[in-house]
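**Q** Take a look at the following structure, please.
The values are calculated or read from the model by the stated rules, or taken from the named source; none is laboratory data. Note that the structure is predicted; figures quoted are calculated from it, not measured. Cβ coordinates were reconstructed from backbone atoms using ideal geometry, including for glycine residues, and neighbour counts include every protein chain displayed.
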Amino acid sequence: MIKLLSNNAEKISIYQTAFAGGASGAVTRAIAQPLDVLKIRFQLQLEPIKYGSKYSSIFQAVTSIIKEEGFTTLWSGHVPAQYLSIVFGIVQFTTFEKLSHLCQRSDPQFYVVHKHWINFCNGGIAATLATVTSYPFDTVRTRLIAEKKTNKAYRGFIHGLTMIIRCEGPRALFKGLLPTLGPIAPQTGIQFAVYKLFTENILNKIAFFQRPTGVLGVVESTLLANLIAGSVSGFAAKTALYPFDLVKKRLQIQGFQQHRSDFGKQMYCRGMLDCLKLTITEEGFLALYKGYGPSMWKAVLTTALHFAVYDEIKHFFLRIQT
C-alpha cells in the first residue's frame, strides 16, 4: 500500500512494525483457523478423497467434524496457531521492512530498478527466519488438529508441548522443518513480490483503487486493492509450492499415528524424500494436492488479510504522525 521510501520507513518504529505484524497474524488466524483444520485433515488422509472416504468434500468434512467432535473442533489448535501467527508476523514483517530500508539506503537507484527482485529476496529471507522461530508452535498445532477429540493425546497447548519434548525429545518440535524451509523462501518471496507489484505498480495507477489522500505525497492503494493484491499473491504462491506443505504435515505426525487410528490408514515414513515416494507410489501424484481446495481458500483469505491488515495498521501509524 505504501511505497517503502526511506522517509516513510523512518517514520515507522520497529515496535510499530512488530505490533502491526503481530496484529495482522492474530486477526488472520482467528478468521481462517477452520480452513486450516480442514486442510490438515485432508492432507493426513491416505485414502482417496471420494464418496465413502472419511472426508470426501469440504461440506461433508465440516458436517462430519461437527457431528462427531463438536463445533469447536474447527478451532482445534487455535492457541498454538495464534502464537505461531503472531510470532511469525512480528519476525517476518519487521525483518522485511528493515532489509528493504537497508537496501534503499545502500543504493537507492539500484533498489528502484530491481525492487521486485529485492522484494522477492527480502520476503524469502524474512519468512525463513520467521519459520525457524515459530516452527515449534506449528508442530504442536498440527498434533492438536490431527488428533480426534474423542481420543485425545494432549489436554492443550502446554501439555502437548511438554509431552512432545518429554516423550520424543526437543528435536521432535522441528519435524518437517526441512520440507518447510525448502519452499518457504520462494513462496513468501512470490507473495511479497506479487503483492508489491499490484499495490505499487498496477492497482495504485487506477483511480478507483487510489486513496483520496496519500502520506508524504505517495499515491496509496485502497483497502480493497490491498485485499485483491493479497489474494492474487496467495493464490500464486500456494499453487506453486503446495506439495511441500502436505509433506510437512505428514512428517509432523510421525510418532503420533496411534492417536489417529479412527481416521483410517496411517503413513510411516523416514523423511521428506521417503514421504514423497510413499505418497506418489501408494496414492498417486495428485495426492500431493490433497486438501488443495480448503488450502487455496485459506491461502487467498489469509494472505489478503495478512497484508491488508498490516498495511492498514501501518497506514494508521503514519497518519497520526504526519
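**Q** If I go through the range 246-281 residue by residue, how many of them are touching a residue at least 24 places away in the same chain (Cβ under 8 Å), of a type in the set (Ser, Thr, Tyr) and either assigned to a loop (DSSP other than H, G, I, E, B) or crowded, with 18+ Cβ neighbours inside 10 Å (or both)?
**A** 1
One line per residue, one yes/no per condition, for (1) over 20 Å from Glu200 (Cα atoms); (2) surrounded by fewer than 19 Cβ atoms within 10 Å (Cβ to Cβ):
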residue: Ser231; (1), (2): no, no
residue: Phe244; (1), (2): yes, no
residue: Glu283; (1), (2): yes, yes
residue: Leu286; (1), (2): yes, yes
residue: Gly291; (1), (2): yes, no
residue: His306; (1), (2): no, no
residue: Glu312; (1), (2): no, yes
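**Q** Among what's in the range 210-229 and is at pLDDT 80 or above and among the polar types (S, T, N, Q), pick the residue that is surrounded by the fewest Cβ atoms within 10 Å (Cβ to Cβ).
**A** Out of the qualifying residues, it is Gln210.
**Q** Moving on to the next point. Between Phe256, Phe235, Phe285, which is closer than 21 Å to Ile145 by Cα and aromatic (Phe, Trp, Tyr)?
**A** Criteria check complete, one pass: Phe256.
**Q** Okay, moving on. Name the residues in the range 73-120 that are among the hydroxyl-bearing types (Ser, Thr, Tyr), surrounded by 15 or more Cβ atoms within 10 Å (Cβ to Cβ) and in a helix (DSSP H, G or I), would you?
**A** Answer for the range 73-120, where residues must be among the hydroxyl-bearing types (Ser, Thr, Tyr), surrounded by 15 or more Cβ atoms within 10 Å (Cβ to Cβ) and in a helix (DSSP H, G or I): Thr73, Tyr83, Ser85, Thr94, Thr95, Ser100, Tyr111.
**Q** In the range 33-72, what residues are of a type in the set (Phe, Trp, Tyr), surrounded by 16 or more Cβ atoms within 10 Å (Cβ to Cβ) and assigned to a loop (DSSP other than H, G, I, E, B)?
**A** First pass over the range 33-72, keeping only residues of a type in the set (Phe, Trp, Tyr): 42, 51, 55, 59, 71.
Going one step further and asking which of them are surrounded by 16 or more Cβ atoms within 10 Å (Cβ to Cβ), we end up with 42, 55.
Tyr55, the sole residue that qualifies.
**Q** Please name all residue pairs, on different chains or six or more residues apart, with Cβ atoms under 6 Å, provided the first residue is in the range 54-73 and is within 21 Å of Ile31 (Cβ to Cβ) and the second residue is among the polar types (S, T, N, Q) and surrounded by 14 or more Cβ atoms within 10 Å (Cβ to Cβ).
**A** Within 6 Å, the pairs are Ile65/Thr73.
**Q** Among the residues of the range 298-317, which ones are more than 17 Å from Leu241 (Cβ to Cβ) and touching a Leu at 6+ places or on another chain (Cβ under 8 Å)?
**A** First, the residues of the range 298-317 that are more than 17 Å from Leu241 (Cβ to Cβ): 301, 304-305, 307-317.
Passing the criteria: Leu301, Ala304, Leu305, Ala308, Glu312.
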